[in-house]
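Heads up, the thing below is written out as structure tokens.
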Amino acid sequence: MQIRRRIYGVLAASLAAFASTLVVAPPASASSSQCTAGMFCMWEHSGYEGIFYVTYVDSPNVGAGFNDKATSVWNRTNEWVTIYQHANYQSDVIWFGNNNTTARNCVTVAPGASKWSFGGDMFNDQATSVDTGYYRPDCGLNVS
Ligand SMILES: [Ca+2]
């Protein structure tokens with residue numbers, strides 16, 4: 001934890017209870033270099049820009065500072081990560097009219113995978129909880 005505090009320089013008091021997760025205001029030039037090995041990272045904007053969220057453990061709620069903000073992601077853990085629309089790993093069932101199927105409004109992200117933008121996808125600005133080390137097969141979006 002001490003190392004992480006030094007790396008990111010910011011630890012919001014409201015997140016003290018969640019010492020393994022951080023929401024960090026963007027530096028002058030935010031970029032994917034913020035996301036260090038072993039971390040799961042999300043950003044407010046496409047292209048890994050804007051407010052930054054990082055964790056390496058399960059997060060039942062990313063907190064008010066990052067709720068419904070994620071637009072780009074990078075999974076630098078060595079396990080699958082599933083991110084959900086709602087707190088406590090919940091998500092609505094949504095219907096895809098074009099092929100008459102349903103899926104959960106969640107996203108699975110393969111180890112090492114990244115997505116430059118959720119723009120155009122159903123999941124943009126929706127992430128509220130993060131389940132690390134878990135692959136959920138019925139999510140509507142799979143990043144790999
Ligand atoms: Ca949400």
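Of the residues making up the stretch 123-133, those that are at pLDDT 95 or above and in contact with a strand residue (DSSP E or B) (Cβ under 6 Å, 6 or more places away or on another chain) are A127, T128, S129, V130, D131, T132.
Tell me yes or no: at least one residue of the stretch 80-90 is at positive phi, in contact (Cβ under 8 Å) with a residue 12 or more places away in the chain, surrounded by fewer than 16 Cβ atoms within 10 Å (Cβ to Cβ) and away from the ligand (no atom under 14 Å from the Cβ). Full working, then the answer.
Pass one, the stretch 80-90, residues at positive phi: 88-89.
From what's left, in contact (Cβ under 8 Å) with a residue 12 or more places away in the chain: 88-89.
With surrounded by fewer than 16 Cβ atoms within 10 Å (Cβ to Cβ) added as a condition, the list becomes 88.
Now narrow it down to the ones that are away from the ligand (no atom under 14 Å from the Cβ): none.
Scanning the stretch 80-90 turns up no residue that is at positive phi, in contact (Cβ under 8 Å) with a residue 12 or more places away in the chain, surrounded by fewer than 16 Cβ atoms within 10 Å (Cβ to Cβ) and away from the ligand (no atom under 14 Å from the Cβ).
Looking across the stretch 43-79, just one residue is more than 19 Å from P111 (Cβ to Cβ), touching a residue at least 60 places away in the same chain (Cβ under 8 Å) and charged (D, E, K, R), and that is D68.
When the residues of the stretch 100-119 are filtered to those that are within 17 Å of W74 (Cβ to Cβ) and part of a strand (DSSP E or B), the one that is nearest to the ligand (Cβ to nearest atom) is V107. Does the stretch 120-135 hold any residues that are within 16 Å of the ligand (Cβ to nearest atom) and out of contact with any Phe, Trp or Tyr (no Cβ under 6 Å at 6 or more places or on another chain), and which are they? Listed by number, the residues that qualify are D121, M122, F123, D125, Q126, A127, T128, V130.
Of everything in the stretch 120-135, what is assigned to a loop (DSSP other than H, G, I, E, B) and closer than 17 Å to C35 by Cβ? Give them in sequence order.
Taking the stretch 120-135 and keeping what is assigned to a loop (DSSP other than H, G, I, E, B), we get 120-128, 133-135.
The answer is A127, and nothing else.
State all residues of the stretch 54-75 that are away from the ligand (no atom under 13 Å from the Cβ) and in a strand (DSSP E or B); if no residue qualifies, say none. Once the filter is applied, which keeps residues that are away from the ligand (no atom under 13 Å from the Cβ) and in a strand (DSSP E or B), the stretch 54-75 yields V54, T55, S72, V73, W74, N75. Just one of (1) under 15 Å from L141 (Cα atoms); (2) away from the ligand (no atom under 16 Å from the Cβ) fails for C41. It is (1).
The values are calculated or read from the model by the stated rules, or taken from the named source; none is laboratory data. Predicted model, so just to flag it, every value in this text is computed and none were measured. Glycine gets a Cβ as well: all are built from the backbone with ideal geometry, and neighbour counts include every protein chain shown.
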